[in-house]
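Please read the structure below before turning to the comments.
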Amino acid sequence: METIRKIVIVGGGTAGWMTAAALSKILGANYAEITLVESDDIGTVGVGEATIPQINIFNRLLGLKEDDFIRQTHGTFKLGIEFVDWARKGHSYFHPFGPYGFDMKGVSFHAFWQKLQTLGVSDSISDYNLQAVAAREGKFMRPVQVENSPLSTIAYAFHFDAGLYAKFLRRFSEGLGAQRIEGRIVSADKNAETGFLEAVVLGDGRRIEGDLFIDCSGFRGLLIGQQMGIDYEDWSKWLPNNRAWAVPTARVHDNQTPYTRSTAREAGWQWRIPLQHRTGNGYVFSNNFIDEQAAMDTLLQNLDAPPLKDPMLVKFQGGHRHKFWEKNVVAIGLSSGFMEPLESTSIHLIQVGIAKLLQMFPDKGFEQADINRYNRLSVLEYEYIRDFLVLHFNQTERDDSEYWRYCRNMELPPRLQEKYDLFRSRGRIFRENEELFNDTSWFAVMVGQGMTWRGYDPVADVMSDEDVKRQLFGIKDAIRKSSDYMPTHEDFIRANCAM
Ligand code: FAD
């Protein structure tokens, strides 16, 4: 067994620097030399500003001071996503972080809420989630330890400037000994017998040797695709969006919402992400249903402040590499695949890729069993997220454009139909194999998109009608009071982590 001594990371976008930071922190400079190569000429995608709560695990792993991290990335806090005009025009709902209420007598909270509806109480499900109520009122604070209070379990993530985040992680990684090389890679040397990569070669002739190569080169997939020949599995039939216009606008005073907004449009959807110094906006669309110019016009007509620069077009294809790891090359970030940013999952997938790599970290023997497991789990992770995304597009009343008619009638991925069938019968949801999105998320979006159920879960009758009402109204009241107690999002930032 020979230990890996040289790790070469190709690319210095979010994926490259997250990988460099985590490997530097966990393995340390004494274990292996970590070199990151990036090209200033090529640059990074530079979008990607919304996250999900799992990023806190990554930040804790690195030992980051959160206020410092927010300040340096001009970040804000995120309690969930508001979906406007998705189920139908004029309708909106909230997909919050954290659970609705809590389970009682071993029965899920949402079963009791469904029973409550049958009893003629038409409370919104959002009233039972502190993040949703606080978001509606522009409130935020970190959890505090108060027994039996929703304030002790506030779940949150961040919005931040992706470029500043990469810079922040660069300083962190270099501080732990990672080396950065600037230059454009023009070719690579492979061992003719084994097919393993030996070195990448820069335009000026420099040769950077490695034992393990991590491809963070973005959509071009410089190593995994171009060198290792691993093809891309195209998911356009399920995720038809393939373009995005992105444009920042000036910060709108007092409108630093502690949530992302996603508004459905004629042929896609528009994001709005508030940062401390500006707001990120973009229109994700399919050019099979709207041309690029019309999409750009739509975006520019629907901004809440003047643009700070010209919109930037990003082209992509939903899907993933057939293999994420081949021989001594592991692809992390956009080089491994991409699903549109509707539920802010890309940065999370980078984090999962790094975590799995550390779990199955190779020696120079590169055991095929480790590689196979890594690849199998990566594909599954993608498939579960894909199904959740498809739900948003497919379950809608909208039929006002060719795009929405396509989405409503698309062929479903196999596992999704089973989820629909279970929900439509007794409102049941099952989280499969630790898939990323839990039953709260599925419930929020299924109810939000207007799905209905034939009857509530019969085990909700373990509590009498009166008890269900009393318990649920008590939960709602505690959430209401907790939100009243919270400071506004702007005040919280001002007091703790203003840039
Ligand atoms: P890139 O940022 O493209 O970086 C690639 C790196 O490789 C660069 O440093 C480049 O210089 C280098 N490189 C490439 N070729 C060479 C070469 N020949 N020689 C040397 N260096 C080279 N994610 C979220 O989690 N939340 C979001 O809200 C979100 N929004 C998004 C919106 C859009 C429209 C898009 C397209 C993506 C979004 N993402 C989001 C995804 C997120 O932007 C990416 O996952 C993230 O930025 C990682 O990108 P990357 O590092 O893989 O690639």
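Values in this text are rule-based calculations from the coordinates and carry no lab data. Quick caveat, the model's predicted, so the values are computed rather than measured. Cβ: placed from backbone, ideal geometry, glycine included. Neighbour counts: every protein chain shown.
The table below lists the values:
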| quantity | calculated |
| --- | --- |
| Loop-located GluC sites (Glu not before Pro) in the range 90-180, at most 12 other Cβ atoms within 10 Å (DSSP) | 147 |
| Across 327/356; 78/309; 6/190; 89/115; 139/476; 6/65, pairs whose alpha-carbon gap is larger than 19 Å | 78/309; 89/115; 6/65 |
| Relative contact order of the chain, defined on C-alpha pairs under 8 angstrom at six or more residues apart (%) | 23 percent |
| Directionally averaged projected area (convex hull, Cα atoms, the range 46-109), nm² | 7.5 nm² |
| Over the range 68-216: Kirkwood hydrodynamic radius from C-alpha pairwise inverse distances, Å | 20.6 Å |
| Span from the the range 422-459 Cα centroid across to the the range 38-58 one, whole angstrom | 31 Å |
| Cα-based convex hull, the range 244-293, per residue volume (Å³, whole number) | 70 Å³ |
| J(HN,Hα) series, the range 52-61, from Karplus relation 6.51 cos²θ - 1.76 cosθ + 1.60, nearest Hz, glycine and proline x | 10, x, 4, 4, 4, 5, 5, 4, 5, 4 |
| The chain, dipole about Cα centre (Lys/Arg Cβ +1, Asp/Glu Cβ -1), debye to the nearest 20 | 480 debye |
| Size descriptor, Kirkwood hydrodynamic radius, that averages inverse alpha-carbon separations across the range 358-499, Å | 19.5 Å |
| Nearest-ten-degree value, helix 292-301 long axis tilted from longest Cα axis of the chain | 50 degrees |
| Karplus-derived HN-Hα couplings along the range 352-365 (A = 6.51, B = -1.76, C = 1.60, θ = phi - 60°), whole Hz, x at Gly and Pro | 5, x, 5, 4, 5, 4, 5, 5, 10, 5, x, 10, 5, x |
| Contact order normalised by residue count of the range 355-471, Cα under 8 Å, 6+ apart, percent | 24 percent |
| Alpha-carbon Rg/Rh ratio, for the chain, with Rh computed the Kirkwood way | 0.98 |
| Residue 187 long-range amide H proximity, modeled H, under 5 Å | 201 |
| Estimated vicinal HN-Hα couplings, Hz - the range 262-271 in sequence order (Karplus 6.51, -1.76, 1.60; Gly, Pro = x) | 10, 10, 6, 10, 4, 9, x, 7, 10, 9 |
| Protection proxy ranking of 450-461, 97-108 - average other beta-carbon atoms within 10 Å, highest first | 97-108, 450-461 |
| Per-selection Kirkwood Rh - the range 274-384 (Cα, Å, 1 d.p.) | 16.7 Å |
| Helical mean residue ellipticity (222 nm; -39500 (n - 2.57) per DSSP H run of 4+; nearest 500) of the chain | -10500 deg cm²/dmol |
| Qualifying GluC sites (Glu not before Pro) in the range 390-499, DSSP loop, other Cβ atoms within 10 Å at most 15 | 397, 411, 432, 434 |
